[in-house]
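Trainee: Let me begin by handing over the structure; questions about it come next.
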Ligand SMILES: Cc1cc2nc3c(=O)[nH]c(=O)nc-3n(C[C@H](O)[C@H](O)[C@H](O)COP(=O)(O)OP(=O)(O)OC[C@H]3O[C@@H](n4cnc5c(N)ncnc54)[C@H](O)[C@@H]3O)c2cc1C
C-alpha cells in the first residue's frame with residue numbers, strides 16, 4: 001500500500017538516518033541499544049513488520065538456559081569441546097548481560113533452577129556428568145554445575161523417568177516483559193521504532209543504503225542491520241538460515257501444576273515449566289522434523305498430540321487438564337549452531353541464525369553487530 005508522508009513524519013522518521021535495523025526482536029533492539037550506548041548521537045530507526053513482533057522473541061518458552069546434559073553430550077559428538085563450551089559460556093554471559101541491562105524483576109526472571117529428566121534407556125553416567133562439569137568449570141569458572149538429584153522426580157511427582165540432573169543456574173523469564181523492557185531502554189535513549197512496516201527491498205548504493213517500504217516509498221540510511229533471524233531468507237535468499245517452527249502449549253491442570261522451574265527432556269527437544277498457575281510445554285520438533293522446516297504460523301497437530309501424550313504420561317498423570325492456549329514460534333537454524341554476524345556489503349550487517357538460543361545470546365549478538373557498524377571504515381556518521 002502506498003502512503004504519502006507529511007513533512008513532519010518524513011523529518012522525524014526518515015531523514016538523516018545513521019542506522020536502520022530490520023526486526024524488533026531481542027537482536028534488533030539489543031543492536032539499537034548497544035549502538036546508542038556507544039554513540040548516543042546516532043539517529044536510529046527500527047522497522048518491524050508486525051504490530052507485535054512476530055518472530056521468536058515473544059513466542060519462546062521463556063527459558064534462561066545454557067544447555068542440558070544430553071544436549072551438550074550430543075553437541076560433543078559433532079563438535080570439539082572448545083566449540084561446545086565456548087557457546088555454553090556465551091549463553092551464560094549473554095544472560096548476565098541481559099540482566100545487567102534490564103534488571104531481574106522487570107523481565108520476570110525467576111531463578112528456580114533447571115532439570116533434565118531422563119528415562120531408563122537415556123540415563124547418563126556419573127563420569128559423563130563429571131566430564132561436563134569439568135568443561136563448564138573451565139569455560140565459566142562455575143564448579144559442580146550439574147548434580148544428579150533423582151529425588152526431585154518424586155518431589156515434582158514426575159512419572160516414567162529414572163534420572164534427574166539439576167543445575168541451580170537456570171531460570172525462567174517472561175519474554176514479553178523482556179522485549180518491553182528492551183524497547184523502553186532503546187526508546188529512552190532516543191531510538192525510534194515503526195511497527196507494521198515491512199522492508200520490501202534494499203540496495204547498498206556505495207555511500208548509503210536505499211530502502212523501500214509502504215509499496216513505493218524510498219529513503220536512505222548510512223548503515224543497515226538485518227536482524228530478522230528465521231525470516232532472513234526472505235530478504236537474503238542465499239543465506240544459510242532455515243526457518244524452523246516450534247510449538248508451545250499452555251495447559252491449566254485441574255489441581256495445579258506440580259513443577260516449578262525449567263525442565264528439559266531428550267537433548268532439549270522437549271521443555272516444560274510452570275507458568276503462573278499453569279503448565280507450559282513446548283518442542284517435539286524431532287517427531288516431525290522435515291515438516292517443521294517452515295515459517296508458516298500453523299499448529300502441527302501431530303506434535304500437539306505428542307506433547308499432550310507426554311504431559312498425560314509424565315507430568316499430569318493423576319489429574320485432568322485443559323488446553324488454554326497454543327502458539328507456534330519460528331527459529332532460525334542452519335548448518336552450524338552459531339549466529340551469523342557479518343558485514344555482507346559496505347554498509348549492510350546481518351545478525352541472524354540464533355539457533356534456538358537467542359534469548360541467551362541475543363544481547364551479545366546485538367553488541368557485536370553494533371561493533372561491526374561502528375567500526376565501519378566507510379562510516380559517514382558519528
Ligand atoms: C518455542 C521457542 C522456544 C525457544 N526457547 C529458547 C530458549 O529456551 N532459550 C533461548 O535462548 N532461546 C530460545 N528460543 C529462541 C529465541 O527465542 C530466538 O533465538 C530469539 O528470540 C531470536 O531473536 P531475533 O531478534 O534474532 O529474531 P526474532 O525474535 O525472530 O525477530 C525477528 C523479527 O523480524 C521481523 N521481520 C522479519 N522480516 C521483516 C521485514 N522484511 N521487515 C520488517 N520486519 C521483519 C519479524 O516480524 C520478527 O519480529 C526459542 C524460540 C522458540 C520459537
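The values are calculated or read from the model by the stated rules, or taken from the named source; none is laboratory data. Note that the coordinates shown come from a computational prediction; the quantities given were computed from them, not determined experimentally. Because the Cβ atoms are built from the backbone with ideal geometry, glycine has one as well, and the counts that use them run over all protein chains shown.
Trainee: Please go through region 216-251 and give me each residue that is in a loop (DSSP other than H, G, I, E, B) and over 24 Å from residue 43 (Cβ atoms), ordered by number.
Mentor: 236, 237, 238, 239, 240, 241
Trainee: Something else now. Among the numbered criteria (1) in contact (Cβ under 8 Å) with a residue 40 or more places away in the chain; (2) in contact with a helix residue (DSSP H, G or I) (Cβ under 6 Å, 6 or more places away or on another chain), which single criterion is violated by residue 244?
Mentor: Among (1) in contact (Cβ under 8 Å) with a residue 40 or more places away in the chain; (2) in contact with a helix residue (DSSP H, G or I) (Cβ under 6 Å, 6 or more places away or on another chain), the lone unmet condition for residue 244 is (2).
Trainee: Say whether the condition of being crowded, with 17+ Cβ neighbours inside 10 Å, within 22 Å of residue 17 (Cβ to Cβ), more than 8 Å from the ligand (Cβ to nearest atom) and assigned by TED's automatic domain parsing to the domain that holds residue 229 is met by at least one residue in region 321-341.
Mentor: Checked region 321-341: at least one residue is crowded, with 17+ Cβ neighbours inside 10 Å, within 22 Å of residue 17 (Cβ to Cβ), more than 8 Å from the ligand (Cβ to nearest atom) and assigned by TED's automatic domain parsing to the domain that holds residue 229.
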